[in-house]
Amino acid sequence: MIIVIKPNAPENDFNALKERLKAEGFRLNVSRGEETLVLGLIGDASKINEEQLKANPIVENVLRVSAPYKLANRAFHPQNTIIRVKDAVLGRLTPASAGAENGAGKSQLCVMAGPCSVESLEQIISVAKAVKKSGARALRGGAFKPRTSPYSFQGMGAKGLELLKAARKETGLPIVTELMSVREIDLFQDIDIIQIGARNMQNFDLLKEVGGMVKPVLLKRGLSSTIKELLMSVEYLMSAGAMEIIICERGVRTFDSYTRNCLDVSAIPYLQKETHLPVVVDPSHACGAAWMTPALSKAAVAAGADGLLIEVHNNPACALCDGEQSLTPEDFSALMDSLAVYAAAEGRRL
Ligand code: PEP
Ligand code: MN
């Protein structure tokens, strides 16, 4: 249930209402926007007397939210959540905040790029420098890799995280990397954005632990997960304390196999309608082919995505993982040039 509070309601009266509801056993979520103040109630609201609440002079409206995701729900938090990690900004600014943020008044289209896997210091530093030069705002790279075959390269593990940190030091780019198991959580305390991969989207124990770290999390949609399941996984992270969640559409399984997965473009506007959180697209894992990545990237931007996660490798033909879908640094640079036009059409800048 959400309670919309009247503008200019006295703070004392608002506090008194909150205390009363807390005493009744509700968990509260206050969302203060530029023009709105919304009090979200999490708990069994069936016993609440709606008429009595509406009679409170500071209450403008009371709405029941039937969707099972509450903290992720836009009704609980009408304004967009903006996530800032170093120079990366995720989320669409409102016109007022955009004006304050930069003269151009434009939201960032946050491009995060890098190899599927960290392979060596030279490789990660060279890719990091190249993608930064082309305008990427964050460096991606897997150290712990979820591979279909146990005989495939499993990632460099802890050493890979150290190499990512070295690339961060060298370029200033924040790093995005996948955490696969609760076992490794301590190694990830100094990671800027923790990626939860498609295969772990419903690993609820992992979600609870990662949520408790209260760090930015990039949560990928599961291979065959519905939007509702995805939002419930977001809710797991948020109910454990993490409020900065980046939702990533990375393609889902369908009956066809001409692409690796099928990019669900409609997930972008739908998620942005249902939640206040930034939505990014991973075109690389969606199509599985470097030549198709630019087209899907443009489609994602045109559909309103807040960012992109793109695989780039210094030598795709020799990549230890996902070479066929990795762009060369030159292809990435050309893609960034053409994306600038699409971003501008959407009122964004790279
Ligand atoms: C990845 O980003 O390298 C990855 C493994 O992605 P996904 O979890 O979407 O398959
Ligand atoms: Mn990959």
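Coordinate-derived values only; no laboratory data. What you see is a predicted model, and the numbers here were worked out from it, not measured in a lab. As a convention, Cβ positions derive from the backbone with ideal geometry for all residues, glycine included, and neighbour counts pool all protein chains shown.
Which trypsin sites (Lys or Arg not before Pro) does the stretch 224-259 hold that lie in a coil by DSSP with at most 14 other beta carbons within 10 Å? Don't skip to the answer; put the middle values down first.
Working: sites: K228, R250, R253; in loops: R250, R253.
Here the trypsin sites (Lys or Arg not before Pro) that fit, given the DSSP loop and packing criteria, are R253.
With +1 on each Lys and Arg Cβ and -1 on each Asp and Glu Cβ, how big is the dipole of the chain about its Cα centre, in debye rounded to the nearest 20?
Working: 40 positive and 39 negative charges, 24 e Å.
With Lys and Arg at +1 and Asp and Glu at -1, about 120 debye.
If you average over every viewing direction, what projected area does the convex hull of the Cα atoms of the stretch 83-349 give, in nm²?
Numbers: hull surface 52.3 nm².
Convex hull of Cα atoms, orientation-averaged projection: 13.1 nm².
Taking 24 Å as the cut-off for C-alpha to C-alpha distance, list the pairs among K70/K208; K145/K215; K18/K220; K47/K273 that go past it. Write out the running numbers ahead of the final one.
On the way: K70/K208 16 Å; K145/K215 21 Å; K18/K220 35 Å; K47/K273 29 Å.
Cα-Cα > 24 Å for K18/K220; K47/K273; rest within.
With a 4.7 Å Cβ cut-off, tell me which Cys residues in the chain come up empty for a partner.
When partners are defined as cysteine Cβ atoms under 4.7 Å apart, the chain leaves C110, C248, C262, C287, C318 without one.
Picking from A55, L37, L309, whose Cα lies most toward the positive end of the charge dipole for the chain (charges on Cβ: Lys, Arg +1; Asp, Glu -1)?
It is A55.
Taking K129 as the anchor, which aspartates and glutamates have their alpha carbon closer than 19 Å to its alpha carbon, excluding any fewer than eight residues away along the same chain?
List returned: D87, E119, E162, E170, D192, E311, E330, D331, D337.
Compute a Gaussian network model of the chain, connecting alpha carbons closer than 10 Å, and tell me which residue from D186, D87, D264 fluctuates the most.
The residue that fluctuates most here is D186.
Taking GluC sites (Glu not before Pro) that fall in a DSSP loop and have at most 14 other Cβ atoms within 10 Å as cut points, what is the longest piece of the chain between them? Don't skip to the answer; put the middle values down first.
On the way: sites that count: E24, E34, E35.
Looking at the chain, 36-350 is the longest stretch - no exposed GluC sites (Glu not before Pro) with at most 14 other Cβ atoms within 10 Å.
Putting +1 on Lys and Arg Cβ atoms and -1 on Asp and Glu Cβ atoms, find which of I175, A198, I2 reaches farthest to the positive end of the dipole of the chain.
Looking along the dipole axis, the top candidate is I2.
For the stretch 221-284, which chymotrypsin sites (Phe, Trp or Tyr not before Pro) pass both filters: DSSP loop (anything but H, G, I, E, B) and at most 11 other C-beta atoms within 10 Å?
Numbers: sites: Y236, F255, Y258, Y270; in loops: F255, Y258.
Sparse-neighbourhood loop chymotrypsin sites (Phe, Trp or Tyr not before Pro): F255, Y258.
Only Cα pairs under 8 Å and at least 6 apart count here; give the relative contact order of the stretch 299-349 as a rounded whole percent. Mind dumping the intermediate values first?
On the way: 37 pairs, mean separation 18.4, N = 51.
It rounds to 36 percent for the stretch 299-349.
Just how far, in whole angstrom, is the stretch 285-301 from the stretch 240-276 if you go by their alpha carbon centroids?
Each part's Cα centre sits 14 Å from the other's.
With a cap of 12 neighbouring Cβ atoms within 10 Å, and only residues DSSP puts in a loop, list the trypsin sites (Lys or Arg not before Pro) found in the stretch 1-83.
Numbers: sites: K18, R20, K22, R27, R32, K47, K54, R64, K70, R74; in loops: R64, K70.
Filter output for the stretch 1-83: R64.
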